1. State whether one or more residues within region 2-12 are surrounded by fewer than 10 Cβ atoms within 10 Å (Cβ to Cβ) and not in a helix (DSSP H, G or I).
2. Is there a residue in region 212-226 that is in contact with a strand residue (DSSP E or B) (Cβ under 6 Å, 6 or more places away or on another chain), under 30 Å from residue 109 (Cα atoms) and either in a strand (DSSP E or B) or not assigned by TED's automatic domain parsing to the domain that holds residue 126 (or both)?
3. Within the group 165, 178, which residue is touching a strand residue (DSSP E or B) at 6+ places or on another chain (Cβ under 7 Å) and at negative phi?
4. Kindly state which strands (runs of 3 or more DSSP E) lie completely within region 159-206 and contain at least 2 residues that are surrounded by 14 or more Cβ atoms within 10 Å (Cβ to Cβ) and under 47 Å from the mean Cα position of the chain (by Cα).
5. Scan 79, 113 and give me the residue that is farther than 30 Å from residue 186 by Cα, out of contact with any helix residue (DSSP H, G or I) (no Cβ under 6 Å at 6 or more places or on another chain) and either in contact (Cβ under 8 Å) with a residue 40 or more places away in the chain or assigned to a helix (DSSP H, G or I) (or both).
């Protein structure tokens, strides 16, 4: 019995030692597996971090590229818009300058024409005054004849200097049933008529039996003026 107990005790001790040894081996293997798994996890974490960084880098690069393209497009759009605005502004300024120049030329032309007409009217007024003076000194018959002759003579004196494109002639056209005495027409350098006058010359001395007023002749004179295409009429 003692021998049996001894052997049993030894076997139990051996089994205990084997158990402890097996536990140590298992623990060691577990530690090794744990370290392997930790290493694998770290490797995967590092790979994931690297992949994330690469992805972030690519995203940043793509964003920067898109931003540059957008800025370039905005710049091109601004340049195109600025160019279009400048072109329209230049066209506006050109039209404005042309209009101002045209208005200025028109103003000068109108003033020159007004001055010319004023001079002509003043000359006519002077002529009328001289004719009035002659009328006061001449007989009834002589007034009409002398007035016509005087007007022709005075006109011919000035024709070469002041009336190179004008004519002053007797109205001999009786197709419409009546006529005036003289027609005056003047033209510019382009041949365009600028003034036309129908002249009717009436006279009356102190001894004339039938007295007439100027108003008595105006209707017929205006009719003759219109029929002969004159702008003005002078009695």
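1. No, the conditions are met nowhere in region 2-12.
2. Scanning region 212-226, I find no residue that is in contact with a strand residue (DSSP E or B) (Cβ under 6 Å, 6 or more places away or on another chain), under 30 Å from residue 109 (Cα atoms) and either in a strand (DSSP E or B) or not assigned by TED's automatic domain parsing to the domain that holds residue 126 (or both), so the answer is no.
3. Only one candidate passes the filter, namely 165.
4. In region 159-206, 182-187, 193-199 are the strands (runs of 3 or more DSSP E) which contain 2 or more residues that are surrounded by 14 or more Cβ atoms within 10 Å (Cβ to Cβ) and under 47 Å from the mean Cα position of the chain (by Cα).
5. 79
The values are calculated or read from the model by the stated rules, or taken from the named source; none is laboratory data. Bear in mind that the values here come from a model prediction, so they are computed numbers and not experimental data. Methodologically, a virtual Cβ is constructed for each residue, glycine included, from the backbone with ideal geometry; neighbour enumeration extends over all protein chains shown.
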